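Everything below concerns the one structure shown next.
Throughout, read-outs are computed from the coordinates displayed, never taken from laboratory work. Note that the coordinates shown come from a computational prediction; the quantities given were computed from them, not determined experimentally. Cβ placement follows ideal geometry from the backbone for every residue including glycine, while neighbour counts extend to all protein chains displayed.
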Amino acid sequence: MSEEHEGNPPVAGPIPPTTGRRRRPRYSGKNPRRFEEKYKEHNPELYADTVAKVLASGKTPAGSHRPIMVAEILEALSPRPGDLVVDCTLGFGGHAQELLARIRPGGRLIALDADPIELPKTEMRLRAADYGPETFTSIRSNFAGLPQALAKLEISGADCILADLGVSSMQLDNPARGFSVKSEGPLDMRMNPQRGFPASALLQKSEPAALARLLEDNADEPHAQLLAAALARNHFATTTALAQAVRTALSRVSRDEQDLSIRRVFQALRIAVNDEFSALDTLLRHLPQCLNPGGRVAILTFHSGEDRRVKKAFEAGQQRGDYSEISREVVRPSPEERRDNPRSSPAKLRWAKKAK
């Protein structure tokens, strides 16, 4: 307080009207680092130049997602005007928007997504892009619920079905979702935070032998036994606490090897928390009945456990006569895409065509 005001009450004056405007959060340094501070990236319609710079650097703007292998997926599915298409994993809507542009006029896209946080945002964006209810329908459901979703809409089959099994960047980058160790957040990892139990609860109730099997089956983790002994029956509230526990357990190996194991542990837990393999097996089992004769399906996977399941299901389907054609070789992102979007690097695409 200045000396001239000491001991004297301030003179009352008129109170200026409040404008209702909020100041943006302050952050240290020249550029924001925390997910929630990147207000420009969260508003691409207002800060297109900033978003363009982020994309040019090979990164994904906060709160968004870059669709992977768009050209290859369109070639595999060959969508045409009037087709009925299903996107089993809507995410940010990048693939959906490309598909919608190719099925007009007369086409319709049904989109599934289990994430109650991201689904309304994507639906709003697609509605703003002039895709009304007659063209675009969204359903909150895991992709295993595809048969039920089609039955509810009284649809006998689809001409094209796409399933991108990757985790969206919006989920990975948001610390509050607990999918990544990039920033500290609750150890959650649920695609639908309203259902099931977080990864922290799974670890706390797991026995070492069961956790070792989980790490081996879901992520081919070479240090599964050692890590299971250190992690099972313990409580880790945050992503960084779990990462540090992995480093401590693997103190005798290199830092790079520790980093790989941390990624594999997170992958294995995410698959288990969301029951991803069971959901994929259910989808693959019902796919032939969900396709119209001559219809096509394309599935984008991101690790060997998923790709093995898709490959075997397509091969078995062709032997039964369900599919007339399947991709003989896995399709991978181009070198240019892997350079421009490093998150595309592990992607593998396989497709199949329903027999007529």
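Taking square-rooted eigenvalues a ≥ b ≥ c of the alpha carbon gyration tensor, is region 137-226 rounded, prolate or oblate, where a/c under 1.5 means rounded and, failing that, a/b exceeding b/c means prolate?
It is prolate, given that a/c is not under 1.5 and a/b is the larger ratio.
Determine the relative contact order of region 153-245: mean sequence separation of Cα pairs under 8 Å and six or more apart, normalised by residue count, in whole percent.
Computed over region 153-245, the figure is 26 percent.
Taking 22 Å as R0, compute the FRET efficiency from the Cβ-Cβ separation of ALA71 and ARG104 and round it to 0.05.
Here the calculated transfer efficiency is 0.70.
Take each of the peptides 191-198, 70-77, average the number of other beta-carbon atoms within 10 Å over its residues, and list them starting from the highest.
70-77, 191-198
Just want the answer: with Cβ charges of +1 for Lys and Arg and -1 for Asp and Glu, which residue in ALA249, ILE262, ALA279 is farthest toward the dipole's positive end in region 234-289?
ALA249
Please give me the summed charge of the neighbours of LEU284: other residues whose Cβ is under 13 Å from its Cβ, Lys and Arg +1, Asp and Glu -1. Walk me through the numbers on the way to the answer.
Values: positive: ARG285, ARG308, ARG309, LYS311, LYS312, ARG320, ARG350; negative: GLU276, ASP281, GLU306, ASP307, GLU315, ASP322.
It works out to a net charge of +1.
Give me the net charge of THR135's neighbourhood, meaning all other residues with Cβ under 11 Å from the Cβ of THR135; Lys, Arg count +1, Asp, Glu -1.
+1
Once the other residues with Cβ under 12 Å from the Cβ of SER324 are scored (Lys, Arg +1; Asp, Glu -1), what is the net sum?
+3
Given +1 on the Cβ of Lys and Arg, -1 on the Cβ of Asp and Glu, and no further charges, what dipole in debye does region 277-329 carry about its Cα centre, rounded to the nearest 20?
80 debye
Region 242-308: D in µm²/s via Stokes-Einstein (Kirkwood Rh, Cα pairs, 37 °C, 0.692 mPa s)?
Rounded, D is 225 µm²/s.
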